[in-house]
Amino acid sequence: MKIFNWTTHSRATRLAFCFFAAVVLSACSSIGPYNTKAEGADGELMLKGHDPVAYFTIGKHTLGSPAIKATFDGATYRFVNEQHKAMFTADPIKYVPQFGGYCSNGVVYGMAFGGDPDTWQIIDGKLYIFGGAGSRKYFLMDQKRNLELAHHYWTTELKGSSGIMRYYRLVARVPHYKTGAQLEAEWLQMQATKPAEK
């Protein structure tokens, strides 16, 4: 049996191969609208069980109770108390994380992966989740532009997709793609040019 040799094929052939693989993988794994996990009786648990209201009221990521929960749009949210649950059910859109709880910085690049409830930011009254401290700091370097890009790619490619674009963007990078090393260099440059605090 002949095995596909990655190094002997052109970029176009490799891209076509990856796209085909993405189609096959997406048949088995769709990204769904939310970054959820199964835990106990909750098959579609958001924020790994963290209370979405606590980010706004307590100002930190706080695990909710499995006994105090509510469902919105097919996903389950847990809360630290009944008051938070009541606040959520009265206005869930106010509290649900943007981009389905996926890493907001990844969504800037058309990729819906990761998202840790302990790394977050509230921007203009909305909750944004990140895949780590680095992702958050890179996103905040150009917050306005990154918000625009993330909303664009979430709306046009990721939200409700079958998962094809999730894998496609690993190969067919967006025009503004930057590696982690490039982003870190940019961040360090910004720190070096910041006016000294008095």
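The values are calculated or read from the model by the stated rules, or taken from the named source; none is laboratory data. What you see is a predicted model; the values in this text were computed from it and never measured. All Cβ positions, even for glycine, are placed from backbone atoms using ideal geometry, and neighbour counts span all protein chains on display. Ligands, DNA and RNA are stripped out before the accessible areas are found, and what is left, the full protein with its side chains, is counted by its heavy atoms. Shrake-Rupley method; radii C 1.70, N 1.55, O 1.52, S 1.80 Å.
General remarks:
- For the stretch 87-130, the set of residues classified as modelled with pLDDT of 95 or more, farther than 23 Å from Thr71 by Cβ and touching a Cys at 6+ places or on another chain (Cβ under 8 Å) consists of Phe130 only.
- Scan the stretch 76-109 for residues that are at positive phi and either touching a His at 6+ places or on another chain (Cβ under 7 Å) or among the hydroxyl-bearing types (Ser, Thr, Tyr) (or both) and the total you get is 0.
- Each residue in the stretch 153-179 was checked for being loosely packed, with under 15 Cβ neighbours inside 10 Å, at pLDDT 90 or above and within 26 Å of Leu127 (Cβ to Cβ), and 4 pass.
- The condition (being surrounded by 19 or more Cβ atoms within 10 Å (Cβ to Cβ) and either in a loop (DSSP other than H, G, I, E, B) or under 14 Å from the mean Cα position of the chain (by Cα) (or both)) is satisfied by just one residue among Phe113, Phe88, Phe99: Phe99.
- Looking only at the stretch 139-189, residues that are assigned to a loop (DSSP other than H, G, I, E, B) and farther than 14 Å from Phe99 by Cβ come to 11 in all.
- Tyr77 passes every criterion in (1) surrounded by fewer than 22 Cβ atoms within 10 Å (Cβ to Cβ); (2) in a strand (DSSP E or B) apart from (1).
- Some residue of the stretch 42-56 being at positive phi, touching a residue at least 24 places away in the same chain (Cβ under 8 Å) and crowded, with 22+ Cβ neighbours inside 10 Å: yes
- If you check Asp142, Asp118 for being closer than 30 Å to Gln83 by Cβ and either open to solvent by 70 Å² or more (accessible area, probe 1.4 Å) or without any contact (Cβ under 8 Å) to a residue 12 or more places away in the chain (or both), only one passes: Asp118.
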